[in-house]
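Below: one structure, written as structure tokens.
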Amino acid sequence: LLKAICADLIPSYGRGFINNDDLYDNLYFYAQHIGYVPQEDLLFPHLTIYENLIYRGKLVSPNISRDILNRKVMGILTQMNLVHRRNTLVGEVSDTKMSGGERKRLNIALELLFEPTLIICDEPTTGLSTTDSEQIFEILKNYSDQGKIVIITIHQPNANLFEKLDKVLVLDEGGKPVFFGCINEVFPYFDQEIEQIEYRKDAIIKKKHLRMPDFFQDIIDYPLYNKNNEKVYEQVDQSLVPRRKFPPNYWRDKFKRKQLYELISYDSVQKKNIDTKREKTRKKMPFRGHLFQFITFLKRNILMKLRNKTNLFITFAEAPILALIISFILRTSVEGDGYNYHHND
């Protein structure tokens, strides 16, 4: 879903709109305003935190001056609480040079460096401690308070993190929508289903009153019980699983009814949108910019190669060692003459 929103994947059907413009038809324009932070790292392990940002900035905006870029990098490092670690090598994920929270903050910093209007983060808190997760959320919340749009996916956030969200989209299996709207509306949305359950009802209601996001999982996946309070099972893909009281299609139909009600209740008197035509073009980069990017790529790759001692040793030692081995195995000589490569059939 996130890759479709940021047009990293173009869906086979369906359309996406930004400001009533088709996203995929105007991708050349909107792509420069969208930042995407995937789950996996996009960091170069043999560069420092500062160098990762500097080279990223040079490649994205080759015409920016070194002084302005340096101020931007130092500003984002301060914002991400990484300025005291700017000269630390990033290292591999298995290394302990940087914590998981620091790595994730650096990934986000790479996208925030040039202040995109829309930033999309794929599970930014997965695998992080509560403290690191709250720090990531605080950074993203501050960014949204500046008038930017932040979209994230998250699994089972704690109550403190959930309260920082403005809106929430709850999806069931198969991408079926369960709810979309303000977080103040999401808990009462399930009142009708609470009335239909009996077993473990008090525990679920308690989670609702405490505004714990675990409540959604409990009510959506609530199993079907028989008269003896025993779970009813069904066979799915050669395995028995508890049958759900509220299957995905149930939530999808309820969500559609909610949409229809909101559409009918919507104020018919709307302000007419003034269609301000603007030229959605991206300026072509001059030859000098392409040359600068090439030099930046070259410098970055050489620097990474030089710092990777093991790879450097293998690169220089492999060729002569292989040459010696091959020459020893394939050595031959014509009778009466010394070794001659030319006569080696």
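Every residue in the range 44-74 that is hydrophobic (A, V, I, L, M, F, W, C) and buried (at least 18 other Cβ atoms within 10 Å of the Cβ), please. Passing the criteria: PHE44, LEU47, ILE49, LEU53, ILE54, LEU69, VAL73.
Being at pLDDT 90 or above, of a type outside the set (A, V, I, L, M) and closer than 26 Å to HIS290 by Cβ: is that true of TYR50 here? Judged against the criteria, TYR50 is a match. Only residues that are open to solvent by less than 50 Å² (accessible area, probe 1.4 Å), in contact (Cβ under 8 Å) with a residue 12 or more places away in the chain and of a type outside the set (D, E, K, R) were counted in the range 204-217, giving 4.
When LYS72 is tested against (1) touching a Phe, Trp or Tyr at 6+ places or on another chain (Cβ under 9 Å); (2) of a type in the set (D, E, K, R); (3) free of Cβ contacts under 8 Å to residues at least 12 places away in the same chain, exactly one condition is not met: (3). Checking LEU89, LEU77 one by one, the residue that is out of contact with any strand residue (DSSP E or B) (no Cβ under 6 Å at 6 or more places or on another chain) and either in contact (Cβ under 8 Å) with a residue 24 or more places away in the chain or open to solvent by 30 Å² or more (accessible area, probe 1.4 Å) (or both) is LEU77 and no other. The residue of the range 281-326 that is modelled with the highest pLDDT, among those that are open to solvent by 90 Å² or more (accessible area, probe 1.4 Å) and not in a helix (DSSP H, G or I), is LYS284. Among the residues making up the range 92-101, those that are polar (S, T, N, Q) and open to solvent by 80 Å² or more (accessible area, probe 1.4 Å) are SER94, THR96.
Matching residues to (1) touching a strand residue (DSSP E or B) at 6+ places or on another chain (Cβ under 6 Å); (2) basic (Lys, Arg); (3) open to solvent by less than 60 Å² (accessible area, probe 1.4 Å):
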| site | (1), (2), (3) |
| --- | --- |
| GLU185 | no, no, no |
| GLN196 | no, no, no |
| ASP202 | no, no, no |
| ILE219 | no, no, yes |
| TYR233 | yes, no, no |
| ASP237 | no, no, no |
| LEU240 | yes, no, no |
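Within the range 115-134, take every residue that is among the β-branched types (Val, Ile, Thr) and in contact with a Gly (Cβ under 8 Å, 6 or more places away or on another chain) and give me the one that is surrounded by the fewest Cβ atoms within 10 Å (Cβ to Cβ). Of everything passing the filter in the range 115-134, THR131 is surrounded by the fewest Cβ atoms within 10 Å (Cβ to Cβ). Among the residues of the range 8-17, some residue qualifies, meaning at least one is open to solvent by 20 Å² or more (accessible area, probe 1.4 Å) and within 30 Å of LEU291 (Cβ to Cβ). When ILE54, ILE68, ILE64, ILE119 are screened for being within 19 Å of the chain's Cα centre (by Cα) and on the phi < 0 side of the Ramachandran plot, only ILE119 passes. Quickly run through the range 213-239 and pick out the residues that are of a type in the set (Asp, Glu) and in a helix (DSSP H, G or I). Once the filter is applied, which keeps residues that are of a type in the set (Asp, Glu) and in a helix (DSSP H, G or I), the range 213-239 yields ASP214, ASP218.
So that you can scan it fast, the table gives a plain yes or no per residue for (1) more than 22 Å from ARG257 (Cβ to Cβ); (2) out of contact with any helix residue (DSSP H, G or I) (no Cβ under 7 Å at 6 or more places or on another chain); (3) among the small types (Gly, Ala, Ser):
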residue: SER133; (1), (2), (3): yes, no, yes
residue: ASN142; (1), (2), (3): yes, yes, no
residue: GLN156; (1), (2), (3): yes, no, no
residue: LEU165; (1), (2), (3): yes, no, no
residue: ARG200; (1), (2), (3): yes, yes, no
residue: ALA203; (1), (2), (3): yes, yes, yes
residue: LYS208; (1), (2), (3): no, no, no
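In the set ASN160, ASN184, only one residue is among the polar types (S, T, N, Q), within 31 Å of the chain's Cα centre (by Cα) and more than 30 Å from GLU40 (Cα to Cα); that residue is ASN184.
Residues that are assigned to a helix (DSSP H, G or I), under 29 Å from the mean Cα position of the chain (by Cα) and at pLDDT below 90 do occur in the range 255-272, at least one of them.
The values are calculated or read from the model by the stated rules, or taken from the named source; none is laboratory data. As the structure is a computational prediction, the values presented were derived from the model and not from experiment. As a convention, Cβ positions derive from the backbone with ideal geometry for all residues, glycine included, and neighbour counts pool all protein chains shown. Calculation scope for accessible area: heavy atoms of the full protein, side chains included, ligands and nucleic acids excluded. Shrake-Rupley method; radii C 1.70, N 1.55, O 1.52, S 1.80 Å.
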